[in-house]
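Trainee: This is the structure, below, for whatever I ask next.
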Amino acid sequence: MDRRKVSSIALELTAYCNQKCAYCYNEWRDDGGQSIGYTESEKLFARIDRLLEAFELDHVTVTGGEPFAHKDVFRLFDRLEAAKVPIQIISNGGLIDDALAARLKGYDVRYVQCTLNAPSAELHADLVGGDGHFEATLEGVRALKRNGVPVVGCVVVTKKNAHLVSDILALWHELGVRQIAMSRFSPAGYATRAVAELLPTRDEMTVAFEQALPWARERGMRMSCTMPIPPCAVETERFAPIKFGSCPIGTSMQELALGPDGKLKNCTLHKTAIGGAADILEVDDLRALLDAPEITEYRKRLPAFCEGCIHASSCGGGCGAAAEWVLGDTKATPDPFLWQHIDDELAARLEDERTRASSSKQRRRLDVVA
C-alpha cells in the first residue's frame, strides 16, 4: 500500500521512568506506569511495524518514560535502522554510561536530548523527584560526548528556575553542548497537579529569554523555545536569534505520539486517541487516521479570546493540550500560560493553590522543629 507522509512519530517506548519529574506530562506518572503495565515486546514491535508500513517518516523520536529503561530499546533501533528511519531520543541521561553510548554511536541518531533544570543538585532534585539524578545526568551527557553521540540540552523553564537560566546555560556550555531546547513548562498529565507551583508568568519567561539571549547572540548557542509562546503574551521577536515555534497539529510538521498503551495521539501532551482507537492494532487502515477530525478540525476552532488576532492562524491560542488538562477544553480558552493573565478566576485559583501549598510546607517545617 502507498504510505502517507508524516513528519515524525514520538514513540513512548515505556511507561516506566527512574525519575518522577514534577513537570512530567505523562498521565500515568502518578503510579510509575503500573496502571498501564509493561507492554510485551512483540506487541510493541507489532505496533511499530504497522506504523512503518502506513507512514513515510522523516524521523522517529524515541521517548518514554525513560527509553533506556526498556530492555529491547536496541532491538527498536535495529528495526528503525533497517527501515532507514533516523532516530531522535529524549532521555534523562541517568542510565547512560560509556558502554551504552558506544553502542548507540553505531546508529543513525540525530541527537539525544537530556534535561538539566538547575545549575546545582538541590533544585534539580526538587524538580525531578529525588537526589542523585543531577550527577547521573551529567555523567550520562559526558559519556555521550566522549563517544561522539550528538547531544541537545534541554531546560524545562518553570516558576522555580526561570531566574537561573543563564547559570544553567553556563553549565551546558561547560559540558560542550551548543544546541539548547528551552521547553517552557506546559501543564499536562501528571504535571497538572503542579500548575500553581511551576507555571511561569510572562514576566518570568521574559527574564528567562533575556538571560538566554547573550548565549544565543554571543556564545554560539543555537536555541529554540519548544513550547508555544503566544505573541500577545511575550514579544518574541525581541529575542532573535532564539527560534520560536507554534503548535504543529494539523500541519505537515506535526509529530504524532504513540503511547505505551497503543493509543495514537495528536502529540505527547494530548490525552485523546485519534479516531477513538484504544490501540492501533485494532485499526484496519492507519493511514485513514490522518483524516480524523482530531487532526483535520483542530486548527479550525479558535478560542473566542483569539478571534480577530493577526496571529490566530499560526498561534491558535498556544498549547491546546494544556488548556484541556487544566481548563477542560482544548479551544474554549487559550493556553493557561496566557489565560492566567486574562481570567481572574484562573488567577485566583492559582494564587489560592500557591498559598495553601506554602502554608502546608510551613506547617511541616514547624512539625519537624517541634
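The values are calculated or read from the model by the stated rules, or taken from the named source; none is laboratory data. The structure presented is a predicted model; accordingly, all values stated were derived computationally and were not measured. Virtual Cβ from ideal backbone geometry, glycine too; neighbours counted across all protein chains shown.
Trainee: Quickly run through region 111-153 and pick out the residues that are among the hydrophobic types (A, V, I, L, M, F, W, C) and either in contact (Cβ under 8 Å) with a residue 60 or more places away in the chain or in contact with a strand residue (DSSP E or B) (Cβ under 8 Å, 6 or more places away or on another chain) (or both).
Mentor: Within region 111-153, Val112, Cys114, Leu116, Leu127, Val128, Val141, Leu144, Val149, Val151, Val152 meet the criteria.
Trainee: Report the residue count in region 236-261 for those that are closer than 26 Å to Thr115 by Cα and assigned to a loop (DSSP other than H, G, I, E, B).
Mentor: Looking only at that region, the number is 13.
Trainee: Turning to a different aspect of this structure: Would you list the helices (runs of 4 or more DSSP H) that sit entirely within region 283-362 and hold 1 or more residues that are buried (at least 17 other Cβ atoms within 10 Å of the Cβ) and among the charged types (D, E, K, R)?
Mentor: Ranges flagged: 293-296, 320-327.
Trainee: Can you tell me which residue in region 14-47 is surrounded by the fewest Cβ atoms within 10 Å (Cβ to Cβ), limited to those that are among the aliphatic types (A, V, I, L, M) and touching a Leu at 6+ places or on another chain (Cβ under 7 Å)?
Mentor: Here the answer is Ala46.
Trainee: Can I ask one more? So the check is Cβ under 9 Å with 6+ separation or different chains; which pairs have a first residue in region 191-220 that's among the hydroxyl-bearing types (Ser, Thr, Tyr) and a second one that's surrounded by 14 or more Cβ atoms within 10 Å (Cβ to Cβ) and in a helix (DSSP H, G or I)?
Mentor: Thr192/Ala322; Thr192/Trp325; Thr192/Val326; Thr201/Ala162; Thr201/Phe337; Thr206/Ala162; Thr206/Phe239
Trainee: Of the residues that make up region 163-174, is at least one closer than 22 Å to Leu269 by Cα and either out of contact with any helix residue (DSSP H, G or I) (no Cβ under 6 Å at 6 or more places or on another chain) or modelled with pLDDT under 95 (or both)?
Mentor: Scanning region 163-174, I find no residue that is closer than 22 Å to Leu269 by Cα and either out of contact with any helix residue (DSSP H, G or I) (no Cβ under 6 Å at 6 or more places or on another chain) or modelled with pLDDT under 95 (or both), so the answer is no.
Trainee: Would region 221-229 turn up any residue that is out of contact with any Ser or Thr (no Cβ under 9 Å at 6 or more places or on another chain), surrounded by fewer than 20 Cβ atoms within 10 Å (Cβ to Cβ) and either hydroxyl-bearing (Ser, Thr, Tyr) or outside any helix (DSSP H, G or I) (or both)?
Mentor: For region 221-229, residues out of contact with any Ser or Thr (no Cβ under 9 Å at 6 or more places or on another chain), surrounded by fewer than 20 Cβ atoms within 10 Å (Cβ to Cβ) and either hydroxyl-bearing (Ser, Thr, Tyr) or outside any helix (DSSP H, G or I) (or both): present.
Trainee: Looking at Cys267, Cys247 in this structure, which one is out of contact with any strand residue (DSSP E or B) (no Cβ under 9 Å at 6 or more places or on another chain) and of a type in the set (A, V, I, L, M, F, W, C)?
Mentor: Being out of contact with any strand residue (DSSP E or B) (no Cβ under 9 Å at 6 or more places or on another chain) and of a type in the set (A, V, I, L, M, F, W, C) holds for just one of Cys267, Cys247, which is Cys247.
Trainee: A follow-up question, please. Filter region 143-178 down to the residues that are more than 30 Å from Val195 (Cα to Cα) and of a type in the set (Asp, Glu) and list them by number.
Mentor: Glu174
Trainee: Consider Gly220 carefully, then state whether it is at positive phi and of a type outside the set (Val, Ile, Thr).
Mentor: yes
So that you can scan it fast, the table gives a plain yes or no per residue for (1) of a type in the set (Lys, Arg); (2) under 17 Å from Ala188 (Cβ atoms); (3) free of Cβ contacts under 8 Å to residues at least 12 places away in the same chain:
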position: Asp261; (1), (2), (3): no, yes, no
position: Gly275; (1), (2), (3): no, no, no
position: Asp284; (1), (2), (3): no, no, yes
position: Ile295; (1), (2), (3): no, no, no
position: Gly308; (1), (2), (3): no, no, yes
position: Ala312; (1), (2), (3): no, no, yes
position: Leu327; (1), (2), (3): no, yes, no
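Trainee: Can you say whether Asp30 is touching a residue at least 40 places away in the same chain (Cβ under 8 Å), over 23 Å from Arg110 (Cα atoms) and under 22 Å from the mean Cα position of the chain (by Cα), as far as the supplied structure shows?
Mentor: Spelling it out, Asp30 is indeed touching a residue at least 40 places away in the same chain (Cβ under 8 Å), over 23 Å from Arg110 (Cα atoms) and under 22 Å from the mean Cα position of the chain (by Cα).
Trainee: Still on this structure, please answer the following. Does Val128 fit the bill of being β-branched (Val, Ile, Thr) and closer than 13 Å to Phe74 by Cα?
Mentor: no
Trainee: Something else now. Find the residue count for region 48-60, including only residues that are surrounded by fewer than 21 Cβ atoms within 10 Å (Cβ to Cβ) and under 17 Å from the mean Cα position of the chain (by Cα).
Mentor: Of the residues in region 48-60, 1 are surrounded by fewer than 21 Cβ atoms within 10 Å (Cβ to Cβ) and under 17 Å from the mean Cα position of the chain (by Cα).
Trainee: Looking only at region 222-280, filter to residues that are more than 18 Å from Ser314 (Cα to Cα) and of a type in the set (S, T, N, Q); which one of those is modelled with the highest pLDDT?
Mentor: Thr268
Trainee: Please state which of the following conditions Thr39 fails to meet, knowing it meets all the rest: (1) modelled with pLDDT of 95 or more; (2) over 15 Å from the mean Cα position of the chain (by Cα).
Mentor: Condition (1) is where Thr39 drops out.
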